[in-house]
Amino acid sequence: MTLKVLNFPDGFTSATAPAELGGSSDVYATESISNGGNISIDTAVGFQQRPVLGNGGAVTTANDVFGSVGGWLDGTQITLIGTDDTNTVTIPFSNTAYGCLVNGNATLENGYTLTLQWNETIERWFEISRNF
């Protein structure tokens, strides 16, 4: 299916399907996470895939999984992907500023995913989906 854009004032025509409407995610290199640490995030990218593994064993991130600086685009979606069955990364439930409102702690083993979305108004990450 091709998405057609109709009557855009900036010159798009009905035969134009802008590439930025494709919905792809930026994919990043696997990141080793320390116990109590944060996962990196790009504040200017709305859709990101972040493969992770624990640094030297199973770890649990800080309650503010992506740090407490903020600046993310409202509605940013991050998909975290576990890459190891031993060096797992647990994302804790945390109803605090910059925390994650997940349906129970989420432990990312190899191939497990967790998708989160940022809500600027209440300064929380919401669980969108998980596959485990």
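Which one of these is hydroxyl-bearing (Ser, Thr, Tyr), under 19 Å from residue 114 (Cβ atoms) and either in contact with a strand residue (DSSP E or B) (Cβ under 6 Å, 6 or more places away or on another chain) or at pLDDT 50 or above (or both): 14, 25?
On the way: 14 fails: under 19 Å from residue 114 (Cβ atoms).
Only one candidate qualifies: 25.
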Going through segment 103-121 in order, the residues found to be in a loop (DSSP other than H, G, I, E, B) and closer than 17 Å to residue 72 by Cβ are 120, 121
Among the residues of segment 85-105, are any crowded, with 16+ Cβ neighbours inside 10 Å, among the acidic types (Asp, Glu) and on the phi < 0 side of the Ramachandran plot?
no
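Quick check, is residue 93 part of a loop (DSSP other than H, G, I, E, B), among the aromatic types (Phe, Trp, Tyr) and at pLDDT below 95?
It is false that residue 93 is part of a loop (DSSP other than H, G, I, E, B), among the aromatic types (Phe, Trp, Tyr) and at pLDDT below 95.
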Here the qualifying pairs (Cβ atoms under 6 Å; residues six or more apart or on different chains; first in segment 60-77 and loosely packed, with under 13 Cβ neighbours inside 10 Å; second not aromatic (Phe, Trp, Tyr)) come out as 71/43; 74/120
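The values are calculated or read from the model by the stated rules, or taken from the named source; none is laboratory data. None of these values were measured; they are calculated from a predicted model. In this analysis, Cβ positions are derived from the backbone assuming ideal geometry, glycine residues included, and neighbour counts consider all displayed protein chains.
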